[in-house]
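So the structure is just underneath, and the comments pick up after that.
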Amino acid sequence: DAGVHSKAWYAATCDRKMAEDALYRSNKDGSFLVRKSSGQDSRQPYTLVVFYNRRVYNVPIRFIESTRQYALGREKSGEERFDSVAEIVENHQRTSLVLIDSQNNTKDSTKLKHIVRVS
């Protein structure tokens, strides 16, 4: 298991719209939660949802079958891999996460600072 189920930041029953609404309501840079991915694909089981600069970013969390590890976003060479989703969150509470806006082709970065609970 990815180490998500007992975590305050894991929104088990939350869909994309609920997650985005909750983050817009929080309106704090670095607000975040983790939800199940909409596609129910075993290679991309979760999505990290982050609020920054009045925008919500949905970052796919991939499961790498060959190493049984997790990574963020699209596959890239030299990417960071983690043994659990919890490790990804803990890492990015300490080090900045790069947020890529594919529509405007911009990059931002923030740490995961505020856990958002979906009511």
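Things to note:
- Farthest toward the positive end of the dipole of the chain, out of Ser31, Asn105, Ala2, is the Cα of Ser31, where the dipole comes from beta carbon charges about the Cα centre.
- At 1.567 mPa s and 4 °C, Stokes diffusion of the range 8-113 via Kirkwood alpha-carbon radius, µm² per second: 93 µm²/s
- Loop-located GluC sites (Glu not before Pro) across the range 8-115 with a Cβ neighbour count of 11 or fewer within 10 Å are Glu65, Glu75, with loop assigned by DSSP.
- Partners for Lys113 among lysines (Cα-Cα distance below 18 Å; same-chain residues under 8 apart left out): Lys7, Lys28
- Using only side-chain charges placed at the Cβ, +1 for Lys and Arg and -1 for Asp and Glu, the dipole size of the chain relative to its Cα centre rounds to 320 debye.
- In percent, rounded to a whole number, the relative contact order of the range 8-113 is 19, using alpha-carbon pairs under 8 Å and six or more apart.
- Note, ³J(HN,Hα) from phi for the range 82-87, Karplus 6.51, -1.76, 1.60, rounded to Hz, x at Gly and Pro: 10, 7, 8, 5, 4, 5
Each reported figure results from applying straightforward, stated rules to the coordinates on display, with no laboratory input. The structure presented is a predicted model; accordingly, all values stated were derived computationally and were not measured. No Cβ is skipped: glycine too gets one built from the backbone with ideal geometry, and neighbour counts run over all protein chains shown.
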